[in-house]
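*Asks:* Have a look at this one before I ask anything.
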Amino acid sequence: MILRDPDEVMAQSAVARHLDRRAHQLLTNPGFGGWFHAMATEAGEQEFLVRRLHEWTLLRSIAVNAPWKSEDVLAASDWFQRTAVQILTSPAALRLLASEGRTRRVRTAVDRRLSNAGS
């Protein structure tokens, strides 16, 4: 697998791009769970990739109206919060990020998105 490439940063970056594309495609698909487990096995001990996979499962939970915790959304990475603003439609998650998102960029993006939805 590509993670065996001697350039670890490049290898993780390539895998993360693939992971992001595929996770987004499968976000609401019932096949997400099987794909997640296969990717988790491949990611092994790669901390960055394991975190990204877990953040995609949180995005999925919100997207399919499964239980999720505000604390998990607020503790998630900047990448997660920016991605959530772009792809989620959950009013509760968007309101949470609008009021307590980690960065001004996230809070502003949610405000814009919510304003455009009301237009």
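The values are calculated or read from the model by the stated rules, or taken from the named source; none is laboratory data. Keep in mind the model is a prediction, meaning the values are calculated, not measured. Cβ atoms come from the backbone with ideal geometry, glycine included; neighbour counts cover every protein chain shown.
*Asks:* When you go through (1) without any contact (Cβ under 8 Å) to a residue 12 or more places away in the chain; (2) in a loop (DSSP other than H, G, I, E, B); (3) in the same structural domain as SER115 (by TED's automatic domain parsing) one by one for ASN29, which number turns out not to apply?
*Replies:* (3)
*Asks:* Looking only at the stretch 43-62, count every residue that is of a type in the set (A, V, I, L, M) and either touching a strand residue (DSSP E or B) at 6+ places or on another chain (Cβ under 6 Å) or surrounded by fewer than 17 Cβ atoms within 10 Å (Cβ to Cβ) (or both) and tell me the total.
*Replies:* Qualifying residue count, the stretch 43-62: 1.
*Asks:* From the residues in the stretch 63-95 that are among the basic types (Lys, Arg) and loosely packed, with under 14 Cβ neighbours inside 10 Å, which one is nearest to ASN29 (Cα to Cα)?
*Replies:* Checking each candidate, the answer is LYS69.
*Asks:* Would the stretch 64-78 turn up any residue that is farther than 22 Å from ALA98 by Cα, touching a Phe, Trp or Tyr at 6+ places or on another chain (Cβ under 9 Å) and touching a residue at least 12 places away in the same chain (Cβ under 8 Å)?
*Replies:* Among the residues of the stretch 64-78, not one is farther than 22 Å from ALA98 by Cα, touching a Phe, Trp or Tyr at 6+ places or on another chain (Cβ under 9 Å) and touching a residue at least 12 places away in the same chain (Cβ under 8 Å), which makes the answer no.
*Asks:* Can you name the condition, by its number, that GLN25 falls short on among (1) touching a Leu at 6+ places or on another chain (Cβ under 7 Å); (2) within 26 Å of LEU94 (Cα to Cα)?
*Replies:* (1)
*Asks:* Ok, one more. Looking at (1) surrounded by 15 or more Cβ atoms within 10 Å (Cβ to Cβ); (2) in contact (Cβ under 8 Å) with a residue 12 or more places away in the chain; (3) part of a helix (DSSP H, G or I), find the lone condition where ALA40 falls short.
*Replies:* So ALA40 meets the others, but not (1).
*Asks:* Here's something else I'd like to know. For the stretch 43-63, which positions are assigned to a helix (DSSP H, G or I) and of a type in the set (D, E, K, R)?
*Replies:* GLU47, ARG51, ARG52, GLU55, ARG60
*Asks:* Name the residue, out of TRP35, TRP79, TRP68, that is at pLDDT 90 or above and in contact with an Asp or Glu (Cβ under 8 Å, 6 or more places away or on another chain).
*Replies:* Just one listed residue meets the conditions, TRP79.
*Asks:* Follow-up question, since we're still on this one. Looking only at the stretch 99-119, which residues are closer than 9 Å to ARG82 by Cα and of a type in the set (D, E, K, R)?
*Replies:* ARG105
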